[in-house]
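J.: Before we start, here is the structure in question, set down as C-alpha cells.
The values are calculated or read from the model by the stated rules, or taken from the named source; none is laboratory data. Keep in mind that this is a model prediction, so the values were computed, not measured. Neighbour counts are summed over all protein chains in view; Cβ atoms, including those assigned to glycine, are modelled from backbone coordinates with ideal geometry. These area figures cover heavy atoms from the full protein model, side chains too; ligands, DNA and RNA do not enter into them. Shrake-Rupley method; radii C 1.70, N 1.55, O 1.52, S 1.80 Å.
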Amino acid sequence: EALRLAKLIRWHAATLAGEARAAEHYLKVPFDPKQYKRWMKTRSHLCVLITGGEADVSGKIHTRAEVDSLPRPLIPNGIKGLPKYLGENLRYPPDAFKRDLQGLVRIEFVVESSGSLSNMRALDELGGGCTEEAIRLINAACWRPAMKNGKRVRGTMEVSISFRIAQNEH
C-alpha cells in the first residue's frame, strides 16, 4: 500500500542553483485503521466518491490535452459556476484583511479517478492566510474526474482564486 501511495505522488525534480539533481526521498507512511475510519465518517457526508464506470488504474496523471473531458466541480453550472461558488464561500482571512492583501492565489491539483483530490500545491501565493483559504475552498468542493476513452482518469486542474476587498468593507 505504501508503494501504491508513493506512485500517486506527482514528483518534481530536485534542483540546486537551478540545475536538476539526483535525490533520494524516504516516506514514512503510518497505518492507523481507527484514524482512517474516523476520517471516512467525517468526509462521507461531504462528497460521495465517484464509482460509476471503469477507472483507469495505470496511475498516469493526464494533462488537459490528453483527456476527452476535464475534471469539473460538482456544483451548479460546473466549471462555469466556479466563480460564483468561490465568491459565496470565500472567507477573507482576518490577517489578509488587516494588511489589505489583495491578489490571486493559483492552486494546482490532481483530481483522482475517484473524484478525490491529491497533489495540491500553490503555484502563486498571496500570504496572510489567503493560500490556506484557497486550498480550503478547493477541498470543500466535490469533483468529477477527467474522462478518457470512456474511463475515469487522474487529471490535473488549475484554479485561480481572486482575493479582493470591496471598497465599502474598509
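J.: Once amide H atoms are built 1.01 Å from N in the peptide plane, which residues 5 or more positions from Ala146, or in another chain, come under 5 Å H to H?
T.: Here the answer is Val153, Gly155, since their amide H atoms fall under 5 Å of that of Ala146.
J.: Can you tell me what percent of all Cα-Cα pairs in the chain are more than 27 Å apart?
T.: 37 percent
J.: Could you work out the helix-only [θ] at 222 nm for the chain, with each DSSP H run of four or more residues adding -39,500 (n - 2.57) and the total divided by the number of residues, to the nearest 500 deg cm²/dmol?
T.: Result for the chain, helices only: -7000 deg cm²/dmol.
J.: Sequence neighbours fewer than 8 away in the same chain don't count; with that in mind, list the aspartates and glutamates whose C-alpha is under 19 Å from Lys80.
T.: By straight Cα distance, Lys80 reaches Asp68, Glu88, Glu108, Glu158.
J.: Strictly over 32 Å apart at the Cα level, which of Lys37/Lys60; Lys84/Lys148; Lys84/Lys151; Lys60/Lys98 would you flag in this model? Spell out each step's value before the answer.
T.: Values: Lys37/Lys60 28 Å; Lys84/Lys148 28 Å; Lys84/Lys151 29 Å; Lys60/Lys98 43 Å.
Cα-Cα > 32 Å for Lys60/Lys98; rest within.
J.: Largest first, what is the accessible-area ranking of Glu1, Glu112 with a 1.4 Å probe?
T.: The ranking, largest first, comes out as Glu1, Glu112.
J.: Under a 1.4 Å probe, what is the accessible area of region 50-102 per residue, stated in Å²?
T.: 69 Å²
J.: Among Pro93, Ala122, Ser58, pick out the residue whose Cα is farthest towards the positive end of the charge dipole of region 49-170, where Lys and Arg carry +1 and Asp and Glu carry -1 on C-beta, about the Cα centre.
T.: Ser58
J.: To continue, here is another question. In a GNM of the chain with a 10 Å cut-off on Cα contacts, which of Glu108, Glu88, Glu125 has the highest mean-square fluctuation?
T.: Judging by the Gaussian network model, the answer is Glu88.
J.: Now for a different question. What nm distance separates the two modelled labels at Leu27 and Leu104, each placed 7 Å from Cα along Cα→Cβ?
T.: 3.1 nm
J.: Further question on the same structure: In degrees from 0 to 90, rounded to the nearest 10, what is the angle of the helix 33-44 Cα long axis to the longest principal axis of the chain?
T.: 50 degrees
J.: Per residue of region 88-98, in order, report the coupling 6.51 cos²θ - 1.76 cosθ + 1.60 (Karplus, θ = phi - 60°) as ³J(HN,Hα) in whole Hz, putting x for Gly and Pro.
T.: So the J values, rounded to whole Hz, are 6, 10, 5, 10, 4, x, x, 5, 5, 5, 4.
J.: How large a share of the accessible area of region 48-170, in percent, is made up of carbon and sulfur atoms when the probe is 1.4 Å and the other protein chains stay in place?
T.: Answer for region 48-170 is 51 percent, counting heavy atoms of protein chains only.
J.: If ligands, DNA and RNA are left out, what is the accessible area of Arg144 with a 1.4 Å probe, given in Å² to the nearest 10?
T.: Arg144 has an accessible surface of roughly 80 Å² with all protein chains in place.
J.: So for Leu3, Leu137, what's the accessible-area order with a 1.4 Å probe, most first?
T.: Leu3, Leu137
J.: Give the residue from His25, Thr15, Gly155 lying farthest towards the positive end of the charge dipole for the chain; charges sit on Cβ (+1 for Lys and Arg, -1 for Asp and Glu) and the dipole is referred to the Cα centre.
T.: The Cα lying farthest towards the positive end belongs to Gly155.
J.: On to the next question. Largest first, how would Phe109, Phe31 line up by accessible area (1.4 Å probe)?
T.: Greatest to least solvent exposure: Phe31, Phe109.
J.: Roll a 1.4 Å probe over the protein heavy atoms and report the accessible area of Leu74 in Å², nearest 10.
T.: Approximately 80 Å² for this residue.
J.: Another question, then. For Thr131, what accessible area in Å² do you get when you roll a 1.4 Å probe over the heavy atoms of the protein chains, rounding to the nearest 10?
T.: So the heavy atoms of Thr131 present about 10 Å² to solvent.
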